[in-house]
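The structure appears right after this line, and notes come after that.
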Amino acid sequence: MFTVTVTSTTTGASRAWVVQTAPIEGEAETVAEDKGPSPIAPEVKELAWGAGAFIVLFLLMRVVLFPRLKKGMDARYGKIRGDHEGADATRAAARAEVAEYEAEIAAVKAQAAQRIEAARNVLEDERTAALAELKARVGTQRAAATAANEAARAAAEQHVSTAVADVSSRAAELATGKRPKAADVTNIVASLMGGSQ
Amino acid sequence: MLALKFPPINELIRWRDIFSNFNKVGVIAVAAALIGIMVFLVAGSRDPLVAPTGVRNLAETGVNFIENDIVMQTMGKDGLRWTPFLLSLFVFIYLCNLPGILPVLQMPATARMAIPLFLALTVWVVYNAVGLRHNGIKYLTLMAWPPGVPVGMRPLVGLIELLSNIVLRPFSLAVRLFANMLAGHMLLITFAFLTNALFFAETKQFALKPMSILPFFMLVFLTAFEVLVGFLQAYIFTILTAVFINAAQHPEH
């Protein structure tokens with residue numbers, strides 16, 4: 001608490017108000033003591049409360065809290081580890097089954113390929129035989145056709161040479177009044193037709 | 001002209017007793033312990049065989065973090081028996097750091113020297129006890145003179161190592177945590193104070209009021225940053241504890 005004294009003084013033309021404050025007797029010491037604690041020096045009461053609180057926390061943590069929490073964590077980690085091992089075993093078994101299945105599939109595929117190859121070989125033999133037979137039949141038919149053709153051509157040539165010889169003999173007879181010998185005419189016609197071919 | 005009067009640091013950290021010898025540091029420390037206990041109590045009561053969610057997930061994440069990212073990285077598999085101690089340290093420090101950004105509390109308990117000092121002294125006692133238990137009285141000579149130090153260098157190295165192990169380690173542990181959290185608190189106060197002063201300034205310079213958005217943004221950013229700092233300081237304290245314990249177990253390394 002402070003007392004406030006206000007006085008008025010006059011100096012020349014101006015007047016100033018002076019405010020003075022003074023502590024009430026007996027309270028000066030109280031004000032001086034209330035500057036607050038040292039920012040560095042530790043206080044015993046704070047030390048005691050801090051120490052007590054920490055020691056209680058540590059003892060409970062050491063004896064009860066941590067062991068119980070850790071036990072639970074270890075149990076869960078153990079369970080997770082067991083589950084992982086079980087999962088690994090299941091995965092390995094599944095992989096073995098898949099491998100076995102794939103081996104069976106491969107065997108069946110090989111067998112199928114073998115059968116397909118055999119069937120293909122049989123078909124190839126049959127095709128080759130049929131083709132040979134067909135070629136032989138075609139050859140026979142072609143030879144017969146060629147012979148018939150040759151015969152027809154020879155007959156036609158004979159017919160034409162006879163006709164040419166007759167015409168030539170008649171023409172020579174009309175021109176000369178004398179019929180040439182048939183053998184000569186035939187020879188001439190034959191040589192001419194043979195030369196023209 | 002705008003004059004800004006920043007209050008002395010003593011006033012900023014003055015916490016009146018709620019009742020006799022129980023102030024905000026006590027509240028935060030007790031709350032941190034209670035919250036830590038409740039979280040792990042509730043987590044432990046959940047069915048452990050189903051996938052963890054909620055509180056149990058949080059607690060298990062904490063345990064895994066301590067085991068995988070602190071113990072296994074610094075101490076190896078043999079250090080797993082230290083998990084409860086390191087977990088308690090981490091949880092307690094982090095929960096004491098967090099109130100720096102919580103309304104009403106608005107200051108980390110570790111921004112006062114008492115808790116960092118107690119924790120650092122505890123760690124000091126623990127790692128020296130572990131060293132003595134594992135190596136007997138030879139621990140002191142191994143601590144002073146690591147293997148391979150030339151005889152001529154032993155006085156100097158011994159002095160440095162003893163100072164480092166006996167004085168500097170606990171001192172640096174305590175001061176690092178305390179100073180970082182106090183500095184963060186001061187930063188938040190500075191920008192909060194500046195925002196308030198600019199926004200409520202009785203001035204004819206109208207540009208000043210909108211400018212209060214700048215320290216306000218900084219305040220928001222630093223508040224988020226303090227979450228990270230609180231975590232980081234808890235992590236650093238815990239991992240250094242693990243390193244010191246491991247070094248005490250195997251001082252020849």
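The values are calculated or read from the model by the stated rules, or taken from the named source; none is laboratory data. Quick caveat, the model's predicted, so the values are computed rather than measured. All Cβ positions, even for glycine, are placed from backbone atoms using ideal geometry, and neighbour counts span all protein chains on display.
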Worksheet item: Is there any pair linking a residue in region A:148-166 that is over 20 Å from A:Pro180 (Cα atoms) to one that is part of a helix (DSSP H, G or I), with Cβ under 8 Å and at least six apart or on different chains, and which?
Response: A:Glu157/A:Met193
Worksheet item: Among the listed residues B:Leu194, B:Leu187, which satisfies the condition of being within 29 Å of A:Gly50 (Cα to Cα) and either in a helix (DSSP H, G or I) or at pLDDT 90 or above (or both)?
Response: B:Leu187
Fill in: Hits in region B:21-42 (condition: farther than 16 Å from A:Gly52 by Cα, within 9 Å of chain A (Cβ to nearest Cβ) and without any contact (Cβ under 8 Å) to a residue 12 or more places away in the chain)
B:Leu41
Worksheet item: Filtering region B:65-84 down to residues that are surrounded by 15 or more Cβ atoms within 10 Å (Cβ to Cβ), of a type outside the set (Gly, Ala, Ser) and touching a residue at least 60 places away in the same chain (Cβ under 8 Å), which residue is farthest from the other protein chains (Cβ to nearest Cβ)?
Response: B:Thr74
Worksheet entry | Matching residues in region B:103-140 - criterion: being basic (Lys, Arg) and within 12 Å of chain A (Cβ to nearest Cβ) | B:Arg112
Worksheet item: Can you find even one residue in region B:153-175 that is surrounded by 13 or more Cβ atoms within 10 Å (Cβ to Cβ), in contact with a Gly (Cβ under 7 Å, 6 or more places away or on another chain) and either among the aromatic types (Phe, Trp, Tyr) or outside any helix (DSSP H, G or I) (or both)?
Response: no
Item to complete: Working carefully through the options B:Gly54, B:Gly131, B:Gly62, find the one that is more than 18 Å from B:Phe237 (Cβ to Cβ) and either among the hydrophobic types (A, V, I, L, M, F, W, C) or free of Cβ contacts under 8 Å to residues at least 60 places away in the same chain (or both).
Response: B:Gly54
Response to the item:
Listed by first then second residue, the pairs whose first member lies in region A:45-59 and is more than 7 Å from every other protein chain (Cβ to nearest Cβ), whose partner is assigned to a helix (DSSP H, G or I), with beta carbons under 6 Å and at least 6 positions apart or on separate chains, are none
Worksheet item: Looking at (1) more than 8 Å from chain A (Cβ to nearest Cβ); (2) closer than 19 Å to B:Gln106 by Cβ; (3) modelled with pLDDT of 90 or more, which is the only condition B:Ser45 fails?
Response: (2)
